[in-house]
Amino acid sequence: MREEIEKLIAEIGGLKCRTLKEVEEARVRFLGKKGEVTKLFDEFRAMDKEAKKEFGRALNELKNSAMAKIEELKGSVADDSSSDGPKADLTMPGDPFELGSRHPVSIVRQEIVDIFRKFGYDVAEGPEIEDDYHVFEALNFPQNHPARDMQDTFFISAGHPNPLLLRTHTSSVQVRAMETMKLPIRVICPGRVFRNEAISARAHCIFHQVEGLYIDEGVTFADLKQAILLFAREMFGPETEIRMRPSYFPFTEPSAEVDVSCNICHGKGCNICKGTGWLEILGCGMVDPNVLEASGIDSTKYSGFAFGMGLERIAMLKWRVNDLRHYFENDMRFLKEFNTAVEV
Ligand code: PHE
């Protein structure tokens, strides 16, 4: 036994390998299940106590040094393990890094923000998880207004007197602006909003809005109309016309919905504008005095207007996309269409 141990120690000490494959072969030969070192251990197990005392330590040393040698060999050949196979072809073209592009909704948001910045508006942001007060109560929604119904709103803590919920519009940010900013106020509020709606080509439970608010002394409906007209011409082209239709929102009085002239058929009627020549883009109105008062603004001295629009809808009109779901699925084939739209 002793001689065999010494022979193996010498043999293992002098081992040389050129590839990982050779190292693995050496490992199997000495340390594998039927390897030479393993075999000695099997013999050792059958020995009597005296003999075990004599060889135990030497055998362990053999095993440890064999393991250490295998590790050492592995380390020394690892770097050129490919020396066996073909060398890399340095003349091959590299893998190009693909440039990302901005999401179409981000492109539209930036355009709208840039236009209103030019008009002197600041950008305000607020929390997506809001309370009932900022989304409804302060905006003059009567207690039993249908929009508070579980149908439309994702409530987080229903049953609480001022429950937490996912904001259904960014008008909540306008309330926060009225509470904190000095008058006059001119802000736009871009952000993500949530409504409990069935997902279809025209609706989604998550979408994006930009809402705007202007409060000063003597602001009139004519100012609102002019702001929207200028915005529409910046956004959709200088020929664009707008029309306002009476509407209802709890927080504005009077309220209107705004259509822009269809820039595809120029008013003649096409399938995008469904033959009407007009496309609806936003809701707006004069801020209800109750809303001003709720945020501590003197409605006898100040007046203002507000407006809000859905970004996916505007992006759909701009790029004639017929299914809103494309904006959320992040299919690379769709997103790549906007590669050229990257602004530097
Ligand atoms: N908050 C309204 C909505 O989400 C949009 C709107 C904003 C309408 C401001 C009028 C004035 O539908």
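The values are calculated or read from the model by the stated rules, or taken from the named source; none is laboratory data. Just so it is clear, the model here is predicted, and its values are computed rather than measured. Note that each Cβ is placed from the backbone with ideal geometry, even for glycine, and that neighbours are counted across all protein chains shown. Please note that ligands, DNA and RNA were not included when accessible areas were found on the heavy atoms of the full protein model with its side chains. Shrake-Rupley method; radii C 1.70, N 1.55, O 1.52, S 1.80 Å.
Taking every DSSP helix (H) stretch of at least 4 residues in the chain, weighting each as -39,500 (n - 2.57) and dividing the sum by the residue count yields a mean residue ellipticity at 222 nm of -11500 deg cm²/dmol.
If I take R0 = 51 Å and measure r between the Cβ atoms of THR220 and GLU337 in this structure, what FRET efficiency does the formula 1/(1 + (r/R0)^6) give, to the nearest 0.05?
Values: r = 42 Å, r/R0 = 0.82.
E between THR220 and GLU337, to the nearest 0.05, is 0.75.
In the chain, taking the dipole from charged Cβ atoms about the Cα centre, the farthest positive-side position among TYR214, VAL37, TYR133 is held by VAL37.
Taking a virtual spin label 7 Å from the Cα of ARG325 along the C-beta vector, which residues in segment 185-199 bring their backbone nitrogen under 16 Å of it? Within reach of a label on ARG325, which here means backbone N under 16 Å from a point 7 Å along Cα→Cβ, segment 185-199 contributes 197-199. Can you figure out the FRET efficiency of ALA147 with LYS268, using R₀ = 45 Å and their beta-carbon distance, to the nearest 0.05? Approximately 0.80, to the nearest 0.05. Per atom type, segment 166-243 shows carbon and sulfur on 49% of its accessible surface, probed at 1.4 Å. When peptides 164-176, 118-130, 102-114 are ranked by their average number of other Cβ atoms within 10 Å per residue, the highest-first order is 164-176, 102-114, 118-130.
Starting with the highest mean, order 304-310, 177-183 by the number of other Cβ atoms within 10 Å, averaged over the residues of each peptide.
304-310, 177-183
Pairs exceeding a 25 Å alpha-carbon distance, out of LYS118/LYS268; LYS52/LYS74; LYS118/LYS274; LYS34/LYS74: LYS118/LYS268; LYS52/LYS74; LYS118/LYS274.
Relative contact order, percent, of segment 104-341 when contacts are C-alpha pairs under 8 Å separated by at least 6 residues? It would help to have the intermediate numbers written out before the result.
Working: 446 pairs, mean separation 48.4, N = 238.
Relative contact order here is 20 percent.
Taken about its Cα centre, segment 92-176 carries a charge dipole of roughly 240 debye when the Cβ of each Lys and Arg holds +1 and the Cβ of each Asp and Glu holds -1.
What is the calculated FRET efficiency for ALA198 to MET92, with r their C-beta to C-beta distance and R₀ = 45 Å, to the nearest 0.05?
Numbers: r = 51 Å, r/R0 = 1.13.
Calculated transfer efficiency: 0.35.
Under a model in which nothing but the beta-carbon of Lys, Arg (+1) and Asp, Glu (-1) is charged, segment 259-317 shows a dipole of about 320 debye around its Cα centre. Projecting the Cα atoms of PRO238, PHE334, VAL113 onto the charge dipole of the chain, computed from C-beta unit charges around the Cα centre, puts PHE334 farthest toward the positive end.
So which GluC sites (Glu not before Pro) in segment 220-289 end up in coil per DSSP with only 11 or fewer other C-beta atoms within 10 Å? Please report the intermediate quantities before stating the final value.
Details: sites: GLU234, GLU239, GLU241, GLU257, GLU280; in loops: GLU239, GLU241.
Of the GluC sites (Glu not before Pro), the ones in loops of segment 220-289 whose Cβ has at most 11 other Cβ atoms within 10 Å are GLU239.
Multiplying the residue separation of LEU15 and ALA51 by 0.36 nm and removing their Cα-Cα distance gives an extension gain of 10.0 nm.
With charges only on Cβ, +1 for K and R and -1 for D and E, what is the dipole size of the chain about its Cα centre, in debye, rounded to 20?
Rounded to the nearest 20 debye, it is 800 debye.
In this structure the chain gives 57 Å² per residue of accessible area when probed at 1.4 Å with all protein chains present.
For segment 2-81, what % of the accessible area comes from carbon and sulfur atoms, probe 1.4 Å? Before the final figure, lay out the partial values.
Values: 2840 of 5600 Å².
Accessible surface attributable to carbon and sulfur in segment 2-81 totals 51 percent.
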